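The values are calculated or read from the model by the stated rules, or taken from the named source; none is laboratory data. All values derive from a computational prediction rather than experimental measurement. Here the Cβ is made from the backbone with ideal geometry for all residues, glycine too, and neighbour counts use every protein chain on show. We work out accessible area using only protein heavy atoms, side chains counted, and drop any ligands, DNA or RNA first. Shrake-Rupley method; radii C 1.70, N 1.55, O 1.52, S 1.80 Å.
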Amino acid sequence: MKISHSVSGAIRRFSYWIANGTVGHPLLDGVDYFDEFRESPSLLERAYAIFVNNLELDEAGNVLNAKYAEQRAAQYIRQYCVPGYVADPPFEDSEELNLY
């Protein structure tokens with residue numbers, strides 16, 4: 001079984017927003033996370049893990065919450081890059097530790 005077009009589309013859009021600097025708008029406005037990605041590639045890996053681990057699908061494989069998943073990934077990036085920022089709610093192990 002392959003992933004649905006809905007899932008691949010959500011991942012493509014997330015990748016586009018990461019690449020053009022608009023992921024998590026407006027949460028990451030003014031945060032230069034590209035340098036952090038170069039210095040710590042695991043930040044990008046973890047952002048993708050959080051995005052994918054938060055996706056919820058219906059029975060047909062359609063993504064139900066892409067914006068929420070994007071916001072959680074953006075919160076992680078901001079928490080990494082901005083001292084003192086803490087995501088609310090805090091991240092659960094199921095969100096960020098499943099790097100399969």
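When segment 1-25 is limited to residues that are outside any helix (DSSP H, G or I), open to solvent by 90 Å² or more (accessible area, probe 1.4 Å) and not hydrophobic (A, V, I, L, M, F, W, C), the one that is nearest to A47 (Cα to Cα) turns out to be H25.
No other residue among Y48, Y68, Y80 is at negative phi, aromatic (F, W, Y), open to solvent by less than 70 Å² (accessible area, probe 1.4 Å) and modelled with pLDDT of 95 or more apart from Y48. Can you pull out the residues in segment 31-60 that are within 13 Å of A74 (Cβ to Cβ) and not charged (D, E, K, R)? Within segment 31-60, V31, Y33, L43, L44, A47, Y48, I50, F51, N54 qualify. Does D58 fit the bill of being open to solvent by 30 Å² or more (accessible area, probe 1.4 Å) and farther than 22 Å from S4 by Cα? Criteria not met by D58. Do we find that Y68 is among the aromatic types (F, W, Y), under 16 Å from F14 (Cβ atoms) and part of a helix (DSSP H, G or I) in this structure? So Y68 passes the test.
Checked across segment 45-55, the condition of being within 13 Å of A10 (Cα to Cα) and among the basic types (K, R) holds for no residue.
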